[in-house]
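First comes the structure, then the notes that go with it.
The values are calculated or read from the model by the stated rules, or taken from the named source; none is laboratory data. Given the structure is predicted, the values throughout are model-derived calculations rather than measurements. Glycine gets a Cβ as well: all are built from the backbone with ideal geometry, and neighbour counts include every protein chain shown. Calculation scope for accessible area: heavy atoms of the full protein, side chains included, ligands and nucleic acids excluded. Shrake-Rupley method; radii C 1.70, N 1.55, O 1.52, S 1.80 Å.
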There are 2 protein chains.
Amino acid sequence: MTERAQAHPGDENPATEHPADEQLPAAPDPAVLRAHLDGRWAQARRSARELFADPRFAPPPIDADLATHRERVLDQLLLLVDAGATQGGFPSRYGGGDDLGGWITGFEMLGFGDLSLLVKVGVQFGLFAGAILHLGTERHHQAYLQDAINARLLGCFAMTETGHGSDVASVRTTATYHPGTREFDVHTPYEAARKDYIGNAGEHGRLAVVFAQLITEGESKGVHALLVPIRDEHGEPMPGVRLQDCGPKAGLNGVDNGRIWFDHVRVPRENLLDRYGEVDPDGTYRTPIASASRRFFTMLGTLVQGRISVGGAAGSATKLALTIAIRYGLVRRQFAPPGGAEIVVLDYLAHQRRLFPALARTYALHFAQAELVELLHETTPGPDARPDANGLPAEDPRRRQLEAHAAGLKAVGTWHATRTIQACREACGGAGYLSENRLPGLKADTDVFTTFEGDNTVLLQLLAKELLTGFAEHFGELDLLGTVRFVADQTVETVLERVGGRLLLQRLRDVGPSAGDEGSMLGHDWQLELFDWRARHLLETLARRLRAAAGGGDSTAAFAVFNAAQDHLLAAAQAHVDTLLLRAFLAGIEALPAGAERDLLDLLCDLFALSTIEADRGWVQEHGRLTAARSKAVVAAVNELCRRLRPHAATLVDAFGIPDQAIAAPIAQGAELARQQQLHDPGG
Amino acid sequence: MTERAQAHPGDENPATEHPADEQLPAAPDPAVLRAHLDGRWAQARRSARELFADPRFAPPPIDADLATHRERVLDQLLLLVDAGATQGGFPSRYGGGDDLGGWITGFEMLGFGDLSLLVKVGVQFGLFAGAILHLGTERHHQAYLQDAINARLLGCFAMTETGHGSDVASVRTTATYHPGTREFDVHTPYEAARKDYIGNAGEHGRLAVVFAQLITEGESKGVHALLVPIRDEHGEPMPGVRLQDCGPKAGLNGVDNGRIWFDHVRVPRENLLDRYGEVDPDGTYRTPIASASRRFFTMLGTLVQGRISVGGAAGSATKLALTIAIRYGLVRRQFAPPGGAEIVVLDYLAHQRRLFPALARTYALHFAQAELVELLHETTPGPDARPDANGLPAEDPRRRQLEAHAAGLKAVGTWHATRTIQACREACGGAGYLSENRLPGLKADTDVFTTFEGDNTVLLQLLAKELLTGFAEHFGELDLLGTVRFVADQTVETVLERVGGRLLLQRLRDVGPSAGDEGSMLGHDWQLELFDWRARHLLETLARRLRAAAGGGDSTAAFAVFNAAQDHLLAAAQAHVDTLLLRAFLAGIEALPAGAERDLLDLLCDLFALSTIEADRGWVQEHGRLTAARSKAVVAAVNELCRRLRPHAATLVDAFGIPDQAIAAPIAQGAELARQQQLHDPGG
């Protein structure tokens, strides 16, 4: 890797030379950075990297038809089973590895390959088997888990309906209990209640976890999940089940998404996944969670790993796109100043601005994702955990935070992926439009990440709601002024608490959070203080707006108040995620020993922080936290940071450690082309 | 259309009711708006609409393989020839219609159909035949034009090379004249000099317009174009020509892009397209334009219609995407406030903010595009125009402005298309990801628009350079202070001059450009004054930065100065385009008689202006032109305008007049689905 970095012809171009005094004291070693990024589940990452050496896991063929692609993906899925790569996240008693964190990390790494395979794996093991594990009880585990995690039984997670996607609590499919036969009657009452976009439903799935309104003794008990066979052993639809392929999609065409209709399909009582709600043979309903809505959200909460997985996959796709665009940008030259050599395109400020802030945010997301996976790993209850004596699920209290953060990071990370891959495509010009160079596939495959596993806009609102709830719990009883003052008092304490105290304290002493000169912008303390203040101020003012309107009014009026503040709500959630990202980035830096690699991450973190502030500097100025002069200085500092990071661009993408076989794009393996340009270009 | 608008169920939802006093006095009629938008070449638009009634021009099949798709597109191209739709832009003496404006408008309308067909048409008629018309002389016209515009001779425009895309003046292909045989030797000197991404080169093209460095008498004369046969009548490569298909792309797979290598291919002297440079039989070079660089840019200038065409096509694709997303947003419901009906998603502020500012900018671009086409129509020289006695091309002086504006509008319009189609895809959730709903194809097909026919970043720099040149020509001799004062004095005059003076004057009297209350934001005078000031200030300060550094220094230093200001340069160009857009929008409003339609456009123009200011309010505050309070008021005004435009969303997209057969997306013809939701949804 170091060899390759030195071989980048851009580094020999006089136009790209940087004065020696701006260089980091030593050349950062991408191998050191990579080891640091690999983190706790480094072994899972190494195993996945080895996988890509197998040509059967090469990137998707760019000209395969839908049927061939699906067949290939199914074959790959079965290869993963044989390699023991699909079982790790499940309990050892069912053949799993009791290692959720490693499993999620391995899933993330699949994002360097065919994303159809990743999604198919997510559907089969994360959603289908995961729902059986988390929503079912022992009899379901014993009956299905081993077959599910070894892909002997392919299944679906049938939640979304055509008419209800984001609002899944309102799905219209019904499961009506009949005590006479001790069966549920599963039914699609009208066209828009059909299950839609369901992975594995188009072709391969045989058993579906179906989410339906459970009706017993004439009463609806809210949404529950049941196991409903949809295909027999020959792949034919079961009686009463109608199946339809969703057909071609923008991407992910190796996954067979489909639609499902149920015409009074009967399944035994035992098919109800009854961890959070049971139906006795006589039809009596029993549940440890009285509120139907709470019960449903508790069920959903157990599925949080799907969202976390998508966030990780988006990160991998982003890293791959950046690796391609930056490597190409280092060999591609265009235009020469009079009498000079042609300029390496990555030396252009506009090119740097397209890619480097995105690279910095990708690092921030990486560290935040790693923290999230760790929290998931530590807080996920075992298969036997049951609601406690008070009728509440015995859960780690950090679980609520996990769910909120998973929602926020999934939204911010998948939008970042879409935008960054788009920027990379454009940065590669016509070459970026060719399928062989991977960027078209990456863009198309990840595009749906922003709207599946929770629409991003809805997820940010979920996070905002959780933040508001926390806010109300803490401050609901105080008068408004007291509230604001209390928050202000807590600030410094919070900052000191959460981010490696020692270093920060020292920096606070050196500079102080209110220092006004440009230099202090490159101190993370000032950045963090500003991030925190922004998130807090947005939340406080949001709470005030909503609270002022909460008293009285009908539902129409209440909606109008909420709706008028919707942009505010989304901004508050976004700002909160930004603070998470900055904290995670800083913690990631603190955990690295002093040296060139840490200095480099420090620079990159400055770029993340300042480019984030730059993008929102309209708002920050409106709220009196940046003077006009200082706001301009932020813009200048972003330019300057791009310039200083330029010599390290190759190192920063090499550190992602994406195997060459997975990158595959000819333009990212452009040593050959570069050599030809160098040796034979009469103007070069 | 009006019927459909009334049938939108959202309009009956209590949550969407707007107080009567905010409604426009009468319901705007989409037919009136459409007639206005159709403009000067309404007949061309009507003909194109009729075309889409022919099922052979239905949207592209979503599951066609590459070969089938290409065959279909070629068939459609030949159908267009039979329909007389390809010849209009050419001189009547060669079977054309002498109607460039109508032809370009018809091309724009093809953007509602398969964009592969549009691009194939652009390659064959715009680029290939256009180059023969504009760069060739009578013998070329007589020999080739009739066959070219009737698609009996399919051809290529072989300019871009793998190693040189944006910097086309530096292509490395050589055309060396040999007086002995009176032939040119066309040669690809090394791998990266191969022609790349060339439309029609993959399969169908037989003759190529090849751009190469012309060498005669041992001297290079810069880039010229020659006609080089690349395939024989049987489709086999000509001797010395190597051809390769570019393979699958992100989109536009109905177009056969390919690569071309020349191994000392000989063509007769007469094959040089010699309008701007001739080679005598003995090898003597003659040209009316002494400077090689000026000559080349003059040649390029004649090809400006390609850029204008792409801008128009991007506009059509954007309109189609917005039509789909807005119609779906009017039937799709999700979430209900307690006790209320489910909310139509277009009633959510976040949904409106995604789509309405984009809709407003689409209108602005429509009016600006129409102006540009008109200017192109009026300034394009006939086929016999020759350089004048001074050796300069006898051109309309407005031509220079045309080229600069075409560059800027192409960049801004194609980026807008990419972003808007992406936003529409996300706004439609999972349904937007299905190929049958058109958005995936629209996104993928238009994606390359931002980097072909001139990379957008390069085009904005071209515009900035032209603006700087104009600036220097006017002010180069004055001292800096005088310059600034002179500009300031000119401002009001400029404003009054360019925009329908009467109305504006009255408004200036009513409000005055410096009025500080929120209400005045909805006056276009204040908006225009701010837009103008922003563009001017960015240009002035840019000129100062570059001028300060212009004195001395080597090429490395000069590049560093330019590069440090590159973001500033791009911002200046972008701001200039914004002023063009606002002016065009205002002129479009002025041309409409008073009434509900004009009032509606007034509102929409307010949204365009204020959302543009909102997006750049960080910069505007930095430069002291918006106080914090007023900046916040801009944000609030955008929200309020979204709310006020909501009842007219259907009207505004109906006015685009896209035939239902062209829209095709099931979700945009969702009356059926909506009815099912209405009638059968127990919660609805």
>> How much accessible area per residue does the range B:155-289 have, counting only protein heavy atoms and a probe of 1.4 Å, in square angstrom?
In response: 33 Å²
> Given labels modelled 7 Å from the Cα in the Cβ direction, how far is it in nm from B:Ala636 to B:Ala587?
Replying inline: 3.6 nm
>> Let's test this: bin the Cα-Cα distances of the range B:245-325 at 10 Å from zero up to the farthest pair and state each bin's percent.
In response: 13, 23, 31, 21, 10, 3, 0
> If we count every other residue with Cβ under 11 angstrom of A:Arg45's Cβ, Lys/Arg +1 and Asp/Glu -1, where does the sum land?
Replying inline: +1
>> Using a 7 Å offset from Cα along the direction of the beta-carbon, what are the separations from A:His474 to the same position in each other copy, nm, ascending?
In response: 5.4
>> Using amide H atoms built in the peptide plane, which far-off residues or other-chain residues are under 5 Å from A:Arg194 H to H?
In response: A:Thr162, A:Gly163
> Could you state the per residue volume, in Å³, of the convex hull enclosing the Cα atoms of the range B:155-289?
Replying inline: 109 Å³
>> I need the Kirkwood Rh of the range B:130-215: take the reciprocal of the average 1/r across all distinct C-alpha pairs and report it in angstrom.
In response: 14.0 Å
>> I'd like the accessible area for B:Leu133, computed on protein heavy atoms only with a 1.4 Å probe and all protein chains in place. Round to 10 Å², please.
In response: 10 Å²
>> Just to verify a number: FRET efficiency for B:Thr68 and A:Lys465, C-beta to C-beta distance, R0 = 35 Å, to 0.05?
In response: 0.10
>> Which lysines, if any, have their Cα less than 17 Å from the Cα of B:Lys319, not counting same-chain residues under 8 positions apart?
In response: B:Lys410, B:Lys443
> Once both labels are modelled 7 Å past Cα along the beta-carbon direction, what's the B:His234-A:Asp280 spacing in nm?
Replying inline: 8.7 nm
> Residue by residue, what Karplus-based ³J(HN,Hα) values in Hz, rounded to whole numbers, does the range B:157-163 have, using 6.51, -1.76 and 1.60 with θ = phi - 60° and x for Gly and Pro?
Replying inline: 10, 9, 9, 4, 10, 3, x
> Considering only protein heavy atoms, what is the solvent-accessible area of A:Arg583 at a probe of 1.4 Å, reported in Å² to the nearest 10?
Replying inline: 30 Å²
> Which of B:Gln213, B:Pro248, B:Val223 sits closest to the plus end of the dipole of the range B:155-289, meaning its Cα is farthest towards the positive end, when Lys and Arg get +1 and Asp and Glu get -1 on the C-beta?
Replying inline: B:Pro248
> Got a number for carbon plus sulfur as a percent of the range A:155-290's accessible area, 1.4 Å probe?
Replying inline: 46 percent
> Considering only protein heavy atoms, what is the solvent-accessible area of B:Asp29 at a probe of 1.4 Å, reported in Å² to the nearest 10?
Replying inline: 60 Å²
>> Suppose R0 equals 60 Å. What FRET efficiency, 1/(1 + (r/R0)^6) with r the Cβ-Cβ distance, do B:Ala615 and B:Ala143 give to the nearest 0.05?
In response: 0.70
> What nm distances, shortest first, do you get from the label point of B:Ala67 to those in the other copies when the point sits 7 angstrom along Cα to Cβ?
Replying inline: 1.5
> Which residues in the range B:404-427 have a backbone N closer than 19 Å to a point placed 7 Å from the Cα of B:Arg294 along the Cα-to-Cβ line?
Replying inline: B:404
> Can you list the lysines whose alpha carbon is less than 28 Å from that of B:Lys221, not counting same-chain residues fewer than 8 positions off?
Replying inline: B:Lys195, B:Lys465
> With each pseudo-label sitting 7 Å past Cα toward Cβ, what's the B:Gln669-A:Ser92 distance in nm, one decimal?
Replying inline: 6.0 nm
> Taking the label point as lying 7 angstrom from Cα along the Cα-to-Cβ axis, what are the distances from A:Ala31 to the corresponding position in the remaining copies, in ascending order and in nanometres?
Replying inline: 7.7
> Buried accessible area for the B:A pair, summed, 1.4 Å probe, in Å² rounded to 100?
Replying inline: 6800 Å²
> Which order do B:Thr284, B:Thr216 take by accessible area at a 1.4 Å probe, largest first?
Replying inline: B:Thr284, B:Thr216
> When Lys and Arg each count +1 and Asp and Glu each count -1, what net charge do the other residues less than 14 Å away from A:Glu71, Cβ to Cβ, add up to?
Replying inline: -1
